[in-house]
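Only one structure is covered here, and it is reproduced in the block below.
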Amino acid sequence: MTTKTSQGYHHLHGLLQQLDDAEQTLAHGPRRIAVSEKKVAAAELACADQKEQIQLLKKSVDQSSLNLKSREAEVTKLTLRLNEASSNKEYDIIQAQMASARAADAELEDQILSLLSQVDEATDELKQRTQEVSELVQKTTDITAEATALEPGLKSDIERLTTEIAEADTVIPAGESRGTYQRLRDAMGPAALAIVEGGFCTACNTGATSQDIVRMNMSQFLLCRACGRILYLIRDE
């Protein structure tokens, strides 16, 4: 039959696993909140960048519009000069200048239309990014509320389990064995202990010798030769 000591180890092992689960869940809440807040900050930065891009596009539109008005004024002046031309040569020169100015005007008009289209696209994208920020903020609020709601219960569980473990780990022999247990627990948590099943350590699959089985059945403190965990049996071998 399974010895009382092995039962004690098994009980202690289970409590350590429960404590580790509770501590991990408690720590997971703030980590989730931090990750969500980073996503909000990144989305807000993307919105700010998008707004800046829209402003730059609008400035380009304004500048191109001013340039177009200046060129249109130049065409008007050339028209007046054309009417006052004193020779065919001067008339042809002015006409060539007017043709060039109109071509440049047409190019500016196309440029303005393109910029206005970019402004519209950027504005639509800003709306999408703003919606994303709103959704991420709500998600962060939900995660925070969930973590806050779980926190009291988890802290209570941790306090209870810590007390129960302090009682349960008296199954570990005093002296060097207890020091070894404490070091392993500090380093590995619940993985400090491992069950032997079918003659093998369930943590590293290293076989236990016949002498190891006898020692465990005699409730002796035993470490796995390969992984160094505290071994115990929970059934006859």
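The figures follow:
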item: Residue within the range 74-91 that is assigned to a helix (DSSP H, G or I), touching an Asp or Glu at 6+ places or on another chain (Cβ under 9 Å) and modelled with pLDDT of 85 or more present; result: no
item: Residues of the range 131-187 classified as assigned to a helix (DSSP H, G or I), hydrophobic (A, V, I, L, M, F, W, C) and free of Cβ contacts under 8 Å to residues at least 12 places away in the same chain, total; result: 4
item: Selected residue [aliphatic (A, V, I, L, M) and surrounded by 15 or more Cβ atoms within 10 Å (Cβ to Cβ)] from Leu80, Leu113, Leu57; result: Leu57
item: Number of the exception - Phe200 against (1) free of Cβ contacts under 8 Å to residues at least 40 places away in the same chain; (2) among the aromatic types (Phe, Trp, Tyr); (3) in contact with a Ser or Thr (Cβ under 6 Å, 6 or more places away or on another chain); result: (3)
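The values are calculated or read from the model by the stated rules, or taken from the named source; none is laboratory data. Note that this is a predicted model, so its numbers are computed, not measured. Counting neighbours? That spans all protein chains shown, and the Cβs are built from the backbone with ideal geometry, glycine included.
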